[in-house]
Amino acid sequence: MSSKFWFPSMSVAEIVDAFTGWGYSVSPEQVARPTSDFVLGVYSACLEQVTGITLETLQSAMEQSLAASDNPDIYSQALGQNLLLYHV
């Protein structure tokens, strides 16, 4: 079955060079075996590069939403990641 979607094929070295061009330092090991923290950092760098929105910019909206919640501790990490992904 043929896929309708195509994604650019880049080597690990090309990916590292692309992020270095953005001023975001990554190692080949991080690209080859990414952790959840690394992926969050990559999403943040992409969002900032394309839109100028930083995690600090989203912090105010997140704090306001959590203040209205009955259980802010439960939602704090998930809400931050959700706001980031929404804007990506």
Checklist entry - For region 47-69, which residues satisfy the criterion of being under 14 Å from GLY80 (Cα atoms), under 14 Å from the mean Cα position of the chain (by Cα) and loosely packed, with under 14 Cβ neighbours inside 10 Å? => result THR54, GLU56
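Okay, residues lined up against (1) in contact with a His (Cβ under 6 Å, 6 or more places away or on another chain); (2) closer than 19 Å to LEU79 by Cβ; (3) touching a residue at least 12 places away in the same chain (Cβ under 8 Å):
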residue	(1), (2), (3)
VAL26	no, no, yes
ARG33	no, no, no
CYS46	no, no, yes
GLN49	no, no, yes
LEU55	no, yes, yes
LEU58	no, yes, yes
ALA61	no, yes, yes
LEU66	no, yes, yes
Checklist entry - Given the structure, is SER25 small (Gly, Ala, Ser) and under 14 Å from the mean Cα position of the chain (by Cα)? => result no
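Which of the helices (runs of 4 or more DSSP H) found entirely inside the chain contain at least 3 residues meeting this: hydrophobic (A, V, I, L, M, F, W, C)?
The helices (runs of 4 or more DSSP H) meeting that bar are 12-21, 36-51, 55-67, 72-87.
So, of the residues in region 28-46 that are among the charged types (D, E, K, R) and more than 12 Å from the chain's Cα centre (by Cα), which turns out to be nearest to ALA18 (Cα to Cα)? Talk me through it step by step, then tell me what you get.
Residues of region 28-46 that are among the charged types (D, E, K, R), as a first pass: 29, 33, 37.
Those still in the list that are more than 12 Å from the chain's Cα centre (by Cα) too: 29, 33.
Values: GLU29: 15, ARG33: 17 Å.
The residue in question is GLU29.
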Checklist entry - Do we find a residue being hydrophobic (A, V, I, L, M, F, W, C), at negative phi and in contact with a Pro (Cβ under 6 Å, 6 or more places away or on another chain) anywhere in region 2-15? => result yes
Checklist outcome for this item: PRO34 passes all but one of the listed conditions (1) touching a helix residue (DSSP H, G or I) at 6+ places or on another chain (Cβ under 7 Å); (2) at pLDDT 85 or above; the exception is number (1)
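The values are calculated or read from the model by the stated rules, or taken from the named source; none is laboratory data. All values reported here derive from a predicted model rather than from experimental measurement. Virtual Cβ from ideal backbone geometry, glycine too; neighbours counted across all protein chains shown.
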